[in-house]
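Let me begin by presenting the structure, written as structure tokens, before commenting on it.
The values are calculated or read from the model by the stated rules, or taken from the named source; none is laboratory data. Being a predicted model, the structure only gives us computed values, none of them experimental. All Cβ positions, glycine included, derive from the backbone under ideal geometry; neighbour counts span all protein chains shown.
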């Protein structure tokens, strides 16, 4: 069932959001866990040639949400709902306590931080006022990060709905009901959002009108978000299949499997619970067998496959220019060459990692599940 309140202002997901790939708009900010509203996981910022640990801060609180970098500060949000702010020198302070459990990552923009809570509420925290200025209630747990584009906040809930909210007021401007849990974040491309769910379907919705413009059923449920770049989306299902879909005016065309799961134990041996990462030439995925794979987008062939030092999990890889930054579930952080998978650098944190790292010019940040924030330069 579809219910939608018309927007007062026409939504225009401008092409400028997509140009982050070309211009390096993430130079000083990393406002969402995948770097941009399209969730492609690519940044034009180069990683340091020989990264050194600049500082680390221990909070000793379980943390699942990924860090964001905004206006010169690094923000973290732990599972107990404590929001912390860190300077680039590692000075820290607890700035707000939401007093509830939060596991979803959060998004920054317009001097606000937007967080989804496990009790189903969405909060908008005003950085300048240092207070929550509005909240919105859904009817289910929020497990995926909100996404923010041109004044519209996109939030998926376990109540089976994808909501659009006015980012300034928290007013609901739209609601699309799927009837199934929504785990991930909606990826955005030129006025459309794309998201998967526990019913195996990937849907495309026109953000301005709330109209479903297309949908496709995959072979298994979709545990993580799609990623989009240059009008082409990639998504993984839990069986380990990797799909490529071309988006054209809100329609899905040229659907194909880049990787087909094989064997009777595909879900156990090769299942994918992380997101794909896209560059213009390649797709990078983690698989349940401790490997990272690089797949050529034009050929659909595996260019290289490398066993990592640790067990893969939900922490998706990031590509920074010609290098891949990947964190494992048991605390290994590695930088690989994007061309051939050669390991160029490695660091062992000694603590599990489930949250995506953040990358800006000259720095990158890794947050462990025990709440330790590490800054590398």
State whether one or more residues within segment 22-29 are more than 16 Å from residue 323 (Cα to Cα), at pLDDT 90 or above and surrounded by fewer than 17 Cβ atoms within 10 Å (Cβ to Cβ). yes
For segment 164-173, name all the residues that are in contact with a strand residue (DSSP E or B) (Cβ under 8 Å, 6 or more places away or on another chain) and surrounded by fewer than 24 Cβ atoms within 10 Å (Cβ to Cβ). 166, 167, 169, 170, 171, 172, 173
Complete set of residues in segment 117-132 that are free of Cβ contacts under 8 Å to residues at least 40 places away in the same chain and either closer than 27 Å to residue 181 by Cα or surrounded by 14 or more Cβ atoms within 10 Å (Cβ to Cβ) (or both): 117, 118, 119, 120, 121, 123, 126, 132
Going by the conditions given, is residue 104 out of contact with any helix residue (DSSP H, G or I) (no Cβ under 9 Å at 6 or more places or on another chain), part of a strand (DSSP E or B), free of Cβ contacts under 8 Å to residues at least 60 places away in the same chain and closer than 25 Å to residue 210 by Cβ? no
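For (1) at pLDDT below 95; (2) closer than 15 Å to residue 37 by Cβ; (3) part of a strand (DSSP E or B), each residue gets a yes or a no:
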site	(1), (2), (3)
176	yes, no, yes
194	no, yes, yes
209	yes, no, no
220	yes, no, no
I'm told residue 208 meets every condition in (1) in contact (Cβ under 8 Å) with a residue 60 or more places away in the chain; (2) out of contact with any strand residue (DSSP E or B) (no Cβ under 7 Å at 6 or more places or on another chain); (3) surrounded by fewer than 17 Cβ atoms within 10 Å (Cβ to Cβ) except one. Can you identify the failing condition by its number? (3)
Residue 140 fails exactly one of (1) in contact with a strand residue (DSSP E or B) (Cβ under 7 Å, 6 or more places away or on another chain); (2) in contact (Cβ under 8 Å) with a residue 40 or more places away in the chain; (3) not in a strand (DSSP E or B), namely (1)
Which numbered condition in (1) assigned to a loop (DSSP other than H, G, I, E, B); (2) more than 17 Å from the chain's Cα centre (by Cα); (3) surrounded by 16 or more Cβ atoms within 10 Å (Cβ to Cβ); (4) in contact (Cβ under 8 Å) with a residue 24 or more places away in the chain is the only one that residue 340 fails? (3)
Among the residues of segment 143-163 satisfying the criterion of being more than 11 Å from residue 185 (Cα to Cα), part of a strand (DSSP E or B) and touching a residue at least 60 places away in the same chain (Cβ under 8 Å), which is nearest to the chain's Cα centre (by Cα)? 149
Does residue 54 qualify as being under 22 Å from residue 373 (Cα atoms), buried (at least 20 other Cβ atoms within 10 Å of the Cβ) and touching a strand residue (DSSP E or B) at 6+ places or on another chain (Cβ under 8 Å)? no
